[in-house]
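Here the structure is laid out as structure tokens; the discussion comes afterwards.
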Amino acid sequence: MVVKGILKEGEYYDSVTLMLVARDVLALEGVEDAAVVMGTEQNKSILETSGILLDMFKNAIDSDLLIAVKAKDEAICDAAIQKAKELLISRHSKMQETGEYMPKSLEGAVDFLPDANMVIISLAGKYASDEAMKALKKGLHVMLFSDNVSIETEIELKQYGKEHGLLVMGPDCGTAIINGAPLCFANVVNRGDIGIVAASGTGLQEVSAVISNEGAGVSQAIGTGGRDVKKDVGGIMFIEGIKALEEDPETKYIALVSKPPHPGVLEKVASLIKTEIKKPVVGIFLGGDPKIVEEAGAIPANTLEEAGLIAASFSKGKSMDEFKQLLEAREKELLNLAEKESKNKTATQKFVRGLYTGGTLCDEAMLISRTIIGEVYGNAPLNPQFKLEDSWRSKENTFVDLGEDEFTVGRPHPMIDFTLRNKKILEEVNDKEVAVILLDVVLGYGSNMQPGDELNPIIKQAKEIAEKEGRNITFVCTITGTDKDPQGRGKVKQQLEDAGALIMPSNAAASKLASYIVKNLGGVK
Amino acid sequence: MRKISDLFKQELQVINIGLVSFKESLEDVGVKVIQVDWRPSAATDDETKDALQKLLGSK
């Protein structure tokens, strides 16, 4: 094996561009390993671990571009490096082709767009915090997509935001919908009268998509980032967000979405609802005790789907009874479908493998399945005793969150790049104990643009592999998204159905169906 | 003091620093957005920043 590389001083590219280029280079014939990264200390240490840290990289700084290729011979290395350079040039010139003015700094951007009111920041952590504070000091609202920002900085930014009436979404906020515009990884949903505050990205996406698919709509969806509702930050933006929705005349109903907040934060939220909020509130605190919110006068939901359905029912003037009837009818359909699917399995098939790209969706699926089939294994299980010894090897009932750092270092998020999950699907199908494979597909801006095209052949291939051995594997999929999304929910649904998958209207329904099938087969704890 | 709810009454106009795809998706739905051609300056590199501060006597 030969390792070759180049270093380009002062050539900056964002991490997603670099990862996409690296993925294309890795796919070249004869290339064993490849990295296209900025020369940060962390990246250099990853290269060292992979055995591709060349001597010339050792003194590289953050603003240097490093390209390293490990391949069978020098010619393949040279060709791969050349390919990486071409891909980077083509991506850069695509931006410049349009000939539009791109200021070099936030100050320049404000001069050019003086009425700007929102700044989206997706830089590496230490740079992101500096730019966020600069933006706030200029009176601009901030969405901080970046995740590696310290808790102290988060508190500082949010305190400043609170004192100056500015929104600070994030850090680690992947999604929001402001004035009808989907920011970062958001879905295109109907506009309407339901306002959402969420400390969970995919949770916000699932609830807003359910609302829209039910024919209701969203006024504003404020993502706070998951740490906002923990003890240290104390729910600063979660609370400011609720207050802002109460003041907003377009918002008639409020939905709150989160994993369990710190008890102190939940108490603050409950007290706010009780004393200051006049609008109806529905809350989903996944895995948390709903009592405290209920006592404050809000309606607790059991699943993300329920939160969306209840809010949509309010908005459409339907009664809670109608909503309950809808849920009961769905439950019956799921049980019938599970009965049918469990009949075509062999004696060895009894377990489910959930391969999730959305962390909150994976959590919700585990919470639901726990009540039907008991605890499941995973890389981030609900019960620590069920943590997989090796995250790459499933056993019995397993739900894996492929968006966890252990799977994503050096590669794009699995919502964008399906390579890893596709590989896992083909591995799982060889396990004779597997009866059901459960998948989430998250649509919207920022996600994979052709999910149906990429998943359809893999599902077909997996089904064929099993069928050759006389087994039938059930694929259950949930699609978080709408027909207005650039991928089109209806189109993706059709493509997955064509491959033989069962498509459910929500993650809650998908995880219930998968669990009911397994329960019928005896794969329970 | 400003209020977050005032933002909801204004036309959203965005400055995007980082991933270009976020700018493109906003343009797709008709939002006015400008991309900053951001790159780390010498002054934001920690070692250089320290050296500069020492040189200028502020550290």
Which one of A:Leu204, A:Leu183, A:Leu167 is touching a His at 6+ places or on another chain (Cβ under 6 Å), under 19 Å from A:Ser219 (Cβ atoms) and either of a type outside the set (D, E, K, R) or surrounded by fewer than 24 Cβ atoms within 10 Å (Cβ to Cβ) (or both)? A:Leu167
Among the residues of the stretch A:243-295, which ones are among the aliphatic types (A, V, I, L, M) and not in a helix (DSSP H, G or I)? A:Ile254, A:Ala255, A:Leu256, A:Val257, A:Ile277, A:Val281, A:Val282, A:Ile284, A:Leu286
Considering each residue of the stretch B:4-27, count those that are at the interface with chain A (Cβ under 7 Å from one of its Cβ atoms) and either in contact (Cβ under 8 Å) with a residue 24 or more places away in the chain or out of contact with any Asp or Glu (no Cβ under 7 Å at 6 or more places or on another chain) (or both), and give that number. 11
Residue list for the stretch A:339-372, restricted to those being crowded, with 23+ Cβ neighbours inside 10 Å and in a helix (DSSP H, G or I): A:Thr360, A:Leu361, A:Cys362, A:Asp363, A:Glu364, A:Ala365, A:Met366, A:Ser369
Would you be able to say whether some residue in the stretch A:75-91 is within 10 Å of chain B (Cβ to nearest Cβ), more than 30 Å from B:Ser5 (Cβ to Cβ), outside any loop (DSSP other than H, G, I, E, B) and touching a residue at least 12 places away in the same chain (Cβ under 8 Å)? yes
Search result, residues across the stretch A:225-263 that are more than 21 Å from A:Glu206 (Cα to Cα), of a type in the set (Val, Ile, Thr) and away from chain B (no Cβ under 14 Å): A:Val233
Residue hits (the stretch A:432-461; of a type in the set (Asp, Glu) and part of a helix (DSSP H, G or I)) are A:Asp453, A:Glu454
Residue ID - farthest from the other protein chains (Cβ to nearest Cβ), chosen from residues in the stretch A:140-190 that are of a type in the set (Ser, Thr, Tyr) and under 21 Å from B:Val20 (Cα atoms): A:Thr175
Looking only at residues that are within 9 Å of another protein chain (Cβ to nearest Cβ) and not charged (D, E, K, R) in the stretch A:125-139, which one is surrounded by the fewest Cβ atoms within 10 Å (Cβ to Cβ)? A:Gly139
Residue list for the stretch A:336-362, restricted to those being among the hydrophobic types (A, V, I, L, M, F, W, C) and over 29 Å from A:Ala380 (Cβ atoms): A:Ala347
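The numbers here are math on the coordinates, done by the rules we state, and not lab data. Keep in mind it's a predicted model, so treat the numbers as computed, not measured. Note that each Cβ is placed from the backbone with ideal geometry, even for glycine, and that neighbours are counted across all protein chains shown.
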